[in-house]
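The values are calculated or read from the model by the stated rules, or taken from the named source; none is laboratory data. Small disclaimer: the values here were computed from a predicted structure and weren't measured. Cβ coordinates were reconstructed from backbone atoms using ideal geometry, including for glycine residues, and neighbour counts include every protein chain displayed. When the accessible area is computed, the model is the full protein with side chains, heavy atoms only, and any ligands, DNA or RNA have been set aside. Shrake-Rupley method; radii C 1.70, N 1.55, O 1.52, S 1.80 Å.
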Amino acid sequence: QAPAPELFVGSAPSAAPLPARAQRAPLRFWEFDLCNRRRPGAEESTMLSTLRAPASRGAAAAVAAARVGPSRPLPGLHGLTSAAASRHGTAPSRPSTLAAQRRWFSAPAPEQYEFKAETKKLLDIVAKSLYTDKEVFIRELISNASDACEKLRFLQGSSQLQDIHDEDIPLQVKLSVSEDERQFTIQDTGVGMTREELISHLGTIAKSGSLDYVNSGDTDASKIIGQFGVGFYSTFVVADKVEVFTKTCDPEKGSQGYLWSSDGSGSYTITELDDVPRGTRIVLTLKDDATEFAKLATIKKAAEKFSSFIDFPIFIKEDGEDKAVNKQEALWMKTSATEEEHTQFFRFLSSTSYGKPYYSLMYQTDAPLSIKSCFYFPDPDNAPSRMFARDPEVGISLHSRRVMVKKNADGVVPKWLHWMKGIVDCEDMPMNISRESMQDSRLMEKLSMAVVRRVLRFLDKEAKKDPEKYGKFFKGYSYYLKAGIIEDKEANNGRHKDDIMKLLRWETSKKSKGEVISLEDYISTAKDGQKNIYYFCCPDRSTAMSSPYMEQFIQRDRNVLLLYEEIDEYVVNTIEGFKGWTMVSVDSADKDFELDLDPVEEQKSENELNVDQQKELSSFIKSVLKERVQEVKYSSRLVSSPAIVTSIISPHMRKMMKNMMAGKEDTGFGSIPMTLELSAKHHIVTTLHAIRESNEPVARIAVEQMFDNACIAAGTLDDPRILLARLGKVLEMFVYQGAGFDYARGEYVSTPGDSPPKPLEAPEAGKSKAEGGSKFEEEKPVVKKAEEAKA
């Protein structure tokens, strides 16, 4: 029973007019709320349920006064006094009405309950569901031990603790195993715990003493690892029984030692012990399926893997001696390092005893995240082979406060930089509760963007500082940087495209063999008014310089990038342009090659085909090649070659597409038609027009050979062995023409004074050209007598 509330009625300087509804009818409690412009809430209902006031005419006003509090005017009634409220009929006219109101607004008082948990089940979930690998418990226990030592060091350094137990014992962590007893032991010489702290920290699941310590604001949070309060319970993944021997470091809190023990069934015991040294010792009795953690080699490997850079010495008992595990210093935490330190650390990360990094980078920043890192670029002579690397692992590991979170940080460093070695340490990572991955993907994206951008800009700086050294580096890792262009566009919409493009290098037509330039260098040496970057995908330099596609560019002294790798074609199609310049292939069709920038004086040819002759020859060529060509046209881009082939896609891309579509020729992609471009001034073309009727068999063979030659120049001929039969006929033609055979007439001819040719076969009598009786095209000569041949 709550006491009856006191009634306070506010006063107003002057009476305000009442709402019309209050003037017409008695004002009920719900009507009072309508005047107040809001619906009754839970507060009023609760108040009415506890109200035990007599049914007087001022009851409703009392409720209202209790809601708004003392010394305040009644909201909505503009300072109406209790007497005025009575005059306006705010009290119910009958006691039954008030009872109904009480029944309407009264509600039972809320009952409070606490969550119940099956402690054994909860421990089982914590132990088995949070961690993917059993060995993670070693990382958790070492991290806890490091935190304990860090707390003691800070308390001493800040003079918060003057005296400690066992002052002669240094801050350290020790590991030991007993294979016979199936036991694993870890001991630290840190702050230790009192009885109350044992109950608070170990007896409460998800209670983090380290997090409380950080939140106190009296320590350097960057050196404290723990934050979730469940790391200790990872021991139940591998242990049937966990024993914790501990003693506080502070003499003022006592000198009693304690033993905390539990089998993970939902309860634990605490026993007082004597002769317990300062700090904490944890002994695990391992399960039958976790006996490998009682082996020295397994524990040593896991400790080196996860905790090589803990700030306190870690020893493991081996052959009766304590041997250091974490000998290597956390180099990335320093602001600078010597070349020798970089070499030693690079060898440590590479697990080798030789070699030195080609480039070294230390990167530290506080924005957008707190990042401390170091990166190493291996010698390009030892660049990884692409032949067997299907899914390579990233060589950079992710740490948080010196403790490894992820050995292969593929979420931070992309696959195309997998060959780098190094460490990224980020204190701001919101890790998941198992500390095996990050929770916030946006922060991971920011971390990745900052790291990759810094690496690429570092390489650009080194390239400008020492182009020759960078040229060797690019030769070894060019494929991966080019692959980065493609993968970055697919994964990040080209976030790093501009930075990667600055690192690319290619040979050019105006430079000597082996000398490479960047896209920025190409632009700086381009002709005035030029807006295109010209490139040519080809297998090697000699092929490129002898290609008919290069003729007009060599004639005009234009610079052309020479792209030798197959991935180059994908790269230029991905980037499309650079700094407003367009990438144009020299073997593309219907492109603006900016010929007006450097016009050349064209030489007139008397035998050049006119428009009608061009149409006649085009019709003849189409009748020979049929569906192999889509169009035959005449071009001015040819200088010394009779013909080239072009298509809607470049010849190099066409060849790659055909390889990819092998076995799917019926889809149409395997045989995309091409355009045959001819030079109307070339003597082969003009002669071909002349003999198309007088010697059609030879003209047909010439058309096919000219088309195949153009395909060879473009690199699109699938198998050159198909040319052998025709080349044999061409060779036969030369031989028999030398012997005096006239293919137009189909017989041997000789002039007076000539010596008679050797006996050769002649075409069969009575077989015409139309019937396929051409010596060159179909039949082999028949051996005849010498005198008949002479006649």
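Checked against the criterion of being open to solvent by 80 Å² or more (accessible area, probe 1.4 Å), touching a Phe, Trp or Tyr at 6+ places or on another chain (Cβ under 8 Å) and at pLDDT below 90, the candidates R637, R628 yield just one match: R628.
When only residues in the stretch 692-729 that are among the β-branched types (V, I, T) and free of Cβ contacts under 8 Å to residues at least 24 places away in the same chain count, which is least open to solvent (accessible area, probe 1.4 Å)? Steps first, answer last, please.
Going through the stretch 692-729, the residues among the β-branched types (V, I, T) turn out to be 698, 701, 703, 712, 716, 722.
From what's left, free of Cβ contacts under 8 Å to residues at least 24 places away in the same chain: 712, 722.
Working: I712: 85, I722: 107 Å².
Checked the stretch 692-729; the qualifying residue least open to solvent (accessible area, probe 1.4 Å) is I712.
The numbered conditions (1) within 20 Å of E507 (Cβ to Cβ); (2) acidic (D, E); (3) in a helix (DSSP H, G or I) are all true for D596 except (1).
Entry remark, the stretch 120-145: residues being modelled with pLDDT under 90, out of contact with any helix residue (DSSP H, G or I) (no Cβ under 8 Å at 6 or more places or on another chain) and under 28 Å from F315 (Cα atoms) number 2 in total.
I'm checking my understanding of the structure. Among residues of the stretch 353-364 that are in contact (Cβ under 8 Å) with a residue 24 or more places away in the chain, in contact with a Ser or Thr (Cβ under 9 Å, 6 or more places away or on another chain) and of a type outside the set (G, A, S), which one is most open to solvent (accessible area, probe 1.4 Å)? Reasoning before the result, please.
Initial filter on the stretch 353-364 (in contact (Cβ under 8 Å) with a residue 24 or more places away in the chain): 355, 357-359, 361-364.
Pick out the ones that are also in contact with a Ser or Thr (Cβ under 9 Å, 6 or more places away or on another chain) and you get 355, 357, 361-364.
Imposing the further condition that a residue be of a type outside the set (G, A, S) reduces the set to 357, 361-364.
Details: P357: 21, L361: 7, M362: 48, Y363: 31, Q364: 72 Å².
Among residues in the stretch 353-364 that are in contact (Cβ under 8 Å) with a residue 24 or more places away in the chain, in contact with a Ser or Thr (Cβ under 9 Å, 6 or more places away or on another chain) and of a type outside the set (G, A, S), the one most open to solvent (accessible area, probe 1.4 Å) is Q364.
Residues in the stretch 660-678: is at least one of a type in the set (F, W, Y), open to solvent by 40 Å² or more (accessible area, probe 1.4 Å), in contact with a helix residue (DSSP H, G or I) (Cβ under 8 Å, 6 or more places away or on another chain) and at pLDDT below 90? Yes, some residue in the stretch 660-678 is of a type in the set (F, W, Y), open to solvent by 40 Å² or more (accessible area, probe 1.4 Å), in contact with a helix residue (DSSP H, G or I) (Cβ under 8 Å, 6 or more places away or on another chain) and at pLDDT below 90.
Within the stretch 507-563, how many residues turn out to be among the β-branched types (V, I, T), open to solvent by less than 70 Å² (accessible area, probe 1.4 Å) and part of a helix (DSSP H, G or I)? Walk me through how you get there before you give the answer.
Of all residues in the stretch 507-563, those among the β-branched types (V, I, T) come to 508, 516-517, 523, 525, 533, 543, 554, 560.
Next, from what is left, pick out any that are open to solvent by less than 70 Å² (accessible area, probe 1.4 Å): 508, 516-517, 523, 533, 543, 560.
When the remaining residues are screened for being part of a helix (DSSP H, G or I), the result is 523, 543.
Qualifying residue count, the stretch 507-563: 2.
Would you say T285 is part of a strand (DSSP E or B), open to solvent by 20 Å² or more (accessible area, probe 1.4 Å) and either touching a residue at least 24 places away in the same chain (Cβ under 8 Å) or of a type outside the set (K, R) (or both)? Spelling it out, T285 is indeed part of a strand (DSSP E or B), open to solvent by 20 Å² or more (accessible area, probe 1.4 Å) and either touching a residue at least 24 places away in the same chain (Cβ under 8 Å) or of a type outside the set (K, R) (or both).
Would you confirm, using the coordinates I've provided, whether E566 is in contact with a His (Cβ under 9 Å, 6 or more places away or on another chain) and within 27 Å of K497 (Cα to Cα)? Break it down stepwise before answering.
On the way: in contact with a His (Cβ under 9 Å, 6 or more places away or on another chain): yes; within 27 Å of K497 (Cα to Cα): yes.
Yes, satisfied.
Looking at (1) under 22 Å from the mean Cα position of the chain (by Cα); (2) among the aromatic types (F, W, Y); (3) at pLDDT below 95, which is the only condition Y354 fails? Here Y354 meets the rest and fails (1).
Looking across the stretch 699-721, the residues that are in a helix (DSSP H, G or I) and at pLDDT below 85 come down to A714, P720, R721. When the stretch 516-563 is filtered for residues that are among the hydroxyl-bearing types (S, T, Y) and closer than 22 Å to L638 by Cβ, the ones remaining, listed by number, are Y534, Y535, S542, T543, S546, S547, Y549. Collect the residues in the stretch 185-214 that are at pLDDT 85 or above, in contact with a helix residue (DSSP H, G or I) (Cβ under 6 Å, 6 or more places away or on another chain) and open to solvent by 20 Å² or more (accessible area, probe 1.4 Å), keeping them in residue-number order. V191 - this is the single residue of the stretch 185-214 that is at pLDDT 85 or above, in contact with a helix residue (DSSP H, G or I) (Cβ under 6 Å, 6 or more places away or on another chain) and open to solvent by 20 Å² or more (accessible area, probe 1.4 Å).
Looking at the stretch 564-580, can you tell me whether even one residue there is open to solvent by 10 Å² or more (accessible area, probe 1.4 Å), over 21 Å from S635 (Cα atoms), out of contact with any Cys (no Cβ under 9 Å at 6 or more places or on another chain) and aliphatic (A, V, I, L, M)? The answer is yes, given that some residue of the stretch 564-580 is open to solvent by 10 Å² or more (accessible area, probe 1.4 Å), over 21 Å from S635 (Cα atoms), out of contact with any Cys (no Cβ under 9 Å at 6 or more places or on another chain) and aliphatic (A, V, I, L, M). Within the stretch 177-184, can one find any residue that is modelled with pLDDT of 95 or more, in a strand (DSSP E or B) and open to solvent by 60 Å² or more (accessible area, probe 1.4 Å)? Looking through the stretch 177-184, none of the residues is modelled with pLDDT of 95 or more, in a strand (DSSP E or B) and open to solvent by 60 Å² or more (accessible area, probe 1.4 Å).
Return yes when S588 is outside any strand (DSSP E or B), polar (S, T, N, Q) and free of Cβ contacts under 8 Å to residues at least 40 places away in the same chain and no when it is not. Judged against the criteria, S588 is not a match.
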